[in-house]
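To start, the structure itself, in structure tokens.
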Amino acid sequence: MALHRRAFGIGAREALGVPAAVLGAGFLGYGSLAADAGYSIWMTLAATFAIWALPGQLVLMEMHAGGAAVAATVLAVSLSAARFFPMTLTLMPLMREGRRGRSLWQFLLAAQLVSMTTWAVAMRRFNEADLEDLEARWHYFLGFSAVCIGSAALFAIIGQLLLVTLPPLLRYGLALLTPLYFFVTLVGEAQSRSAFTALVCGAATALALYSVAPGWSLLGAGFIGGTAAFLLQGNHARRD
Amino acid sequence: MRGATELWLLLLACGAATYLWRGFGVLLSGRINPQSALFEWVSCVAYALVAGLIARIIVMPSGLLAQTALTDRLLACAVAFIAYRLARRNMFVGLVCGVAFFIGAGYVRKTFV
């Protein structure tokens, strides 16, 4: 029991540095955009807890503001979160051994906590000696996730309140924070030719389609840019 | 009031649609190869979709950012990225420099132009 509490504490402490701060910056901007879009604080918090994926939350906000069809919005938000599938697929077996131990529903609940940050850190840390025990990993993951979600929610509220009180020039800076965060992440990650293709084709398609069919422009960007990138990647794989 | 109820329902639907990927990941773990071609394609679609979203917010924003200059937004992106790379991939340095540049550019525009 004490061991598990310690693992929870280690997770929480490790999240409290850079991970919580970087997430906080993203959600600070999100809160300000939400205030600008007319969300109540409850709505901002509900979106953060229910979706728990900043890209999806932004897709929802943008498409709802643009009056997109409900089906198109739900599909686009869902597709933007597709990366969670391989994440939970690879992460959960590391905390679970066959049918023994914790029951399935606990893992189904824990799946909601998975995010880019929590997944990346857990996958790296679970290889280390102090987290060899499956139960220790479970508690570490809960502690780490709790601090990440708490930080995101707190900064989203701060962003929402700040937007109303700041002078206009600073408000603009706050509203640009999240788009900048994703711009740097996406461009910084686009190492391969296929990722770069997805980036350029996705951006070009979204901009070109926006004037014709704004409600479908993001889905169009995903399908066209994504398929182009996939075909490039496919050729690459066959060559190896 | 109707608008708010609609948004709440939409929000719940989006939460459920996002959870599907997470839930299936748990249920199918150990039984499916995450490197299958279908899955690689879906990942590419997700990446391009988010790229499209960010391009749209930066180039054709709605709301508050629509009142700012396109040149400033684009330059702020460039400044943030260059600062991020110069600071050995430090996200904070990138964001602080980008936002500071953007606020400064807005100030100069307001005062002198």
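The values are calculated or read from the model by the stated rules, or taken from the named source; none is laboratory data. All values reported here derive from a predicted model rather than from experimental measurement. Neighbour counts run over all protein chains shown; Cβ positions are idealised from the backbone, glycine included.
How many residues, within the stretch A:38-53, are under 22 Å from A:Tyr210 (Cβ atoms) and buried (at least 24 other Cβ atoms within 10 Å of the Cβ)? Spell out the reasoning first.
Taking the stretch A:38-53 first, the residues under 22 Å from A:Tyr210 (Cβ atoms) are A:38.
With the extra rule that they be buried (at least 24 other Cβ atoms within 10 Å of the Cβ), the set shrinks to none.
Residues in the stretch A:38-53 being under 22 Å from A:Tyr210 (Cβ atoms) and buried (at least 24 other Cβ atoms within 10 Å of the Cβ): 0 in total.
Within the stretch B:55-71, residues that are of a type in the set (Ser, Thr, Tyr) sit with their Cβ atoms under 9 Å from residues that are assigned to a loop (DSSP other than H, G, I, E, B), at 6+ positions apart or across chains, in these pairs: B:Ser62/A:Ala37; B:Ser62/A:Gly66; B:Thr68/B:Pro61. Is the stretch B:43-59 home to any residue that is surrounded by fewer than 21 Cβ atoms within 10 Å (Cβ to Cβ), outside any loop (DSSP other than H, G, I, E, B) and β-branched (Val, Ile, Thr)? The answer is yes, given that some residue of the stretch B:43-59 is surrounded by fewer than 21 Cβ atoms within 10 Å (Cβ to Cβ), outside any loop (DSSP other than H, G, I, E, B) and β-branched (Val, Ile, Thr).
Please tell me if B:Leu11 is more than 7 Å from chain A (Cβ to nearest Cβ), at pLDDT 95 or above and within 20 Å of the chain's Cα centre (by Cα). Judged against the criteria, B:Leu11 is not a match.
It is to be established whether one or more residues within the stretch A:50-62 are assigned to a loop (DSSP other than H, G, I, E, B), at the interface with chain B (Cβ under 9 Å from one of its Cβ atoms) and within 12 Å of the chain's Cα centre (by Cα).
Step one: filter the stretch A:50-62 for residues assigned to a loop (DSSP other than H, G, I, E, B), giving A:52-53.
Of the ones still in play, those that are also at the interface with chain B (Cβ under 9 Å from one of its Cβ atoms) are A:52-53.
Now drop any that are not within 12 Å of the chain's Cα centre (by Cα), which leaves A:52-53.
Scanning the stretch A:50-62, I find at least one residue that is assigned to a loop (DSSP other than H, G, I, E, B), at the interface with chain B (Cβ under 9 Å from one of its Cβ atoms) and within 12 Å of the chain's Cα centre (by Cα), so the answer is yes.
State whether the residues of the stretch B:79-98 include one that is touching a residue at least 40 places away in the same chain (Cβ under 8 Å), outside any helix (DSSP H, G or I) and on the phi < 0 side of the Ramachandran plot.
No, because not a single residue in the stretch B:79-98 is touching a residue at least 40 places away in the same chain (Cβ under 8 Å), outside any helix (DSSP H, G or I) and on the phi < 0 side of the Ramachandran plot.
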